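The values are calculated or read from the model by the stated rules, or taken from the named source; none is laboratory data. What you are looking at is a predicted structure, and each value in this text was computed from that prediction instead of being measured. A quick note on method: Cβ atoms are made from the backbone with ideal geometry, for glycine too, and the neighbour counts reach across all protein chains shown.
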Amino acid sequence: MDDNNDTIGLSRRKLLAGLGVVGVASAGAGLGTTAYFSDDEGFANNTLTAGELDLKLDYKSTYLGGPGRLEDVVDMGYPDAEDLGDGRYLLDQAPSPADIQTWEDLVQSEEFDFCSDEADEFLVNGDGIPVFTLDDVKPGDSGEVTISIHICDNPAYVYLAGELTENLENGQSEPEMEDEGMDTDSIGELADAIEVCVWYDEDCDNVYEPTGTGQQQELEVALVSDVSGSMSGSALSSLKAAATSFVGNLSSPDEAAAISFSTSASTDQELTTNYQLVQNAINNYSAGGGTSIAAGIIEGEDELLNGTNATPGASKVMILLSDGQSDETAAINAANDAKNNGIRIFTIALGNADTGLLESVASSPGDAFVAPDPADLDTVYAEIAQIVLEGEQKILSGTMSEVFAELADGEALDGNRQEEGRQPYPGATTQCIGFEWTLPAEVGNEIQTDSVSFDLAVYAEQSRHNDNPQVAFNGTDVNSTSPGPAPNGTGNVSNSN
């Protein structure tokens, strides 16, 4: 090693000095009329531009306050409230359906660019707007907000933070004094009575679903993949990586099958617990031909219902990916037949796929996913795996006082629950967090006239060159020069006689 250093060990300063001497000698020799060959090459107009990290939120909030109360909800300050039936009311949502389409259709589609400048008109972009302002809450009532998180451009670590800003007694009614005696500390009991649950809402449907399809009974899943000509290149290679990773999360007795379609469809590997065979079949895909979504659905349904290893009574799931256009009537008819036979269909619209068609094919709006770019497929398949295999993961639960005590320090969120350790949220993708509060029916008179106010905030910090993100939510950010979070959503809940 020392000999090698002796051979190439000229310092930069020595090397430059040597070149300088040679240059002087050449200049001296060149005096007179001698001409030299010459050439000049270079790299011009070099530019370095700092990247961007932009966090945008949208949301949908609902209230379960009992049937026949739409007029009361409107009077609370929600003029556009909608009666959803069964005593539930849509309070608010952004983007607003009055301006574009409904929240459910948009939240995971590419019909609206959440990262565009135009989105600022509709989305929460630094504005501390309330998601709840309810002034006549009764025991048995509940409310829920689903927060849709959009990390624009660069991936980031994300935190959820919150604070109880008020927990007031607001005086004491006669029944309250009879039940509890005179309380003189002016601190209300409502925050200790309300139960809160916060979770990763994988399908953005406002419902906490803790049990995955595969946990209820044996799972049989058909991965139905578009291999038409437009899938060549990065689309196909990304599909292979994401789909085989999904298969790698399965465990016996769950079975998987590989189905491919282009102009027609084929079963490349029938249902099996030998997951390597399924992965091999997927890795052998090549692109070519047209796009018949109907053919893929029919082939997948036949394997799930009639295949050699198909099991009656098993949970039947189809994951359909396509990047193209197809006969709408045929695809929807095939999908309806499969769904009527008990098959749950997840769809993934890749790139320029017919998003509207794939949403119609899916079993529900929450089962329709969008991957704007092939690089997003790994995240989408991981989200579907979370739903199918493990159910939705709880983040926090307890009384409102307990949950907000945790949120005061910031709760680190995991951008990919299928991988070990905490993962950042990918750029240009959407994920949802559910937040539900419930005032139990058995709560007594002690909460009469009490009120609580709270803030919710989402904070994002770059993930690149940030191996150990640590953020303190006391106004000081440990690992960055950016400020701590500002509230991106607030709430107020009160009880009256």
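On the given criteria, is Val196 assigned by TED's automatic domain parsing to the domain that holds His150 and surrounded by 20 or more Cβ atoms within 10 Å (Cβ to Cβ)?
Working: assigned by TED's automatic domain parsing to the domain that holds His150: yes; surrounded by 20 or more Cβ atoms within 10 Å (Cβ to Cβ): yes.
Taking the combined requirement at face value, the residue satisfies it.
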Practice prompt. Counting only residues that are surrounded by 22 or more Cβ atoms within 10 Å (Cβ to Cβ) and without any contact (Cβ under 8 Å) to a residue 60 or more places away in the chain, give me the strands (runs of 3 or more DSSP E) lying completely in region 290-398 with at least 3 of them.
Written response: 343-350
Item to complete: Report yes if some residue within region 367-380 is closer than 27 Å to Ala161 by Cα, of a type in the set (A, V, I, L, M, F, W, C) and at pLDDT below 90; otherwise report no.
Response: no
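From the list Ser292, Ser286, exactly one residue is under 22 Å from Phe246 (Cα atoms) and not aromatic (Phe, Trp, Tyr). Which is it? Before the answer, list the steps.
Values: Ser292 fails: under 22 Å from Phe246 (Cα atoms).
Checking each option against the conditions leaves just Ser286.
Is it fair to say Ala460 is in the same structural domain as Tyr159 (by TED's automatic domain parsing), part of a strand (DSSP E or B) and out of contact with any His (no Cβ under 6 Å at 6 or more places or on another chain)?
Details: in the same structural domain as Tyr159 (by TED's automatic domain parsing): yes; part of a strand (DSSP E or B): yes; out of contact with any His (no Cβ under 6 Å at 6 or more places or on another chain): yes.
The answer is yes for Ala460.
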Worksheet item: Identify, please: which residue in region 261-289 is in contact with an Asp or Glu (Cβ under 9 Å, 6 or more places away or on another chain) and closer than 18 Å to Ala330 by Cβ and is, among those, surrounded by the most Cβ atoms within 10 Å (Cβ to Cβ)?
Response: Phe261
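Can you tell me how many residues in region 430-455 are part of a loop (DSSP other than H, G, I, E, B) and over 33 Å from the mean Cα position of the chain (by Cα)? First the steps, then the outcome.
Within region 430-455, the first condition is being part of a loop (DSSP other than H, G, I, E, B), and the residues that meet it are 439-444, 448-450.
Still in the running and over 33 Å from the mean Cα position of the chain (by Cα): 442-444, 448-450.
The qualifying residues number 6.
For region 106-138, which positions are part of a loop (DSSP other than H, G, I, E, B), at pLDDT below 75 and not hydrophobic (A, V, I, L, M, F, W, C)?
Let us first name the residues in region 106-138 that are part of a loop (DSSP other than H, G, I, E, B), namely 107-116, 122-123, 125-128, 135-138.
Those left that are additionally at pLDDT below 75: 107-116, 122-123, 125-128, 135.
The answer is Gln108, Ser109, Glu110, Glu111, Asp113, Ser116, Asn125, Gly126, Asp127, Gly128, Asp135.
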Practice prompt. Could you tell me whether region 98-105 includes any residue that is touching an Asp or Glu at 6+ places or on another chain (Cβ under 9 Å), closer than 29 Å to Asp367 by Cβ and at pLDDT 65 or above?
Written response: no
Practice prompt. Quickly run through region 53-74 and pick out the residues that are free of Cβ contacts under 8 Å to residues at least 60 places away in the same chain and basic (Lys, Arg).
Written response: Arg69
